[in-house]
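Only the coordinates and a few stated rules stand behind these numbers; no lab work does. Note that the structure is predicted; figures quoted are calculated from it, not measured. Glycine also receives a Cβ, built like all others from the backbone with ideal geometry; neighbour counts cover every protein chain displayed.
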Amino acid sequence: MRAALLVLLLLLAACKDEPDFDTRYDKAAKEIEARARAMDADIAGSEKAAAALDLPAPPKPANAPPSSGE
C-alpha cells in the first residue's frame, strides 16, 4: 500500500503543467522581435560604417523590385 502511494506521489510530482499555446506564442514572439531589433541595429551599424568610409552602396539583387524613381 505504501509503495502504491509512493508511486502515485511520484507520478503527480512528475506531471508539471506545460505552458499553454498563448504563453509559448508570446515567448516566441518576444524572441523574434529581439532578434529583429538586433539585426536592424547590426544593419544600421554597417550602414554607418560604410558611410564613414565613403563606400559605395551594395548592388541591388537581380530580383529586386524597381524603385519609384526609376
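May I ask for the Kirkwood hydrodynamic radius of the chain, worked out over all distinct Cα pairs and given in angstroms to one decimal?
Kirkwood hydrodynamic radius for the chain: 18.0 Å.
So which aspartates and glutamates can Lys30 reach, going by Cα to Cα under 20 Å and dropping same-chain residues fewer than 8 places off?
Straight-distance partners of Lys30: Glu18, Asp20, Asp22, Asp40, Asp42.
For every helix of n ≥ 4 consecutive DSSP H residues, a contribution of -39,500 (n - 2.57) applies; sum these over the chain, divide by its total residues, and give [θ] at 222 nm rounded to the nearest 500 deg cm²/dmol.
The helix contribution divided over the chain gives -22500 deg cm²/dmol.
In a shell of Cβ-Cβ distance under 14 Å around Asp40, excluding Asp40 itself, what net charge do Lys and Arg (+1) and Asp and Glu (-1) give?
With Lys, Arg at +1 and Asp, Glu at -1, the net is 0.
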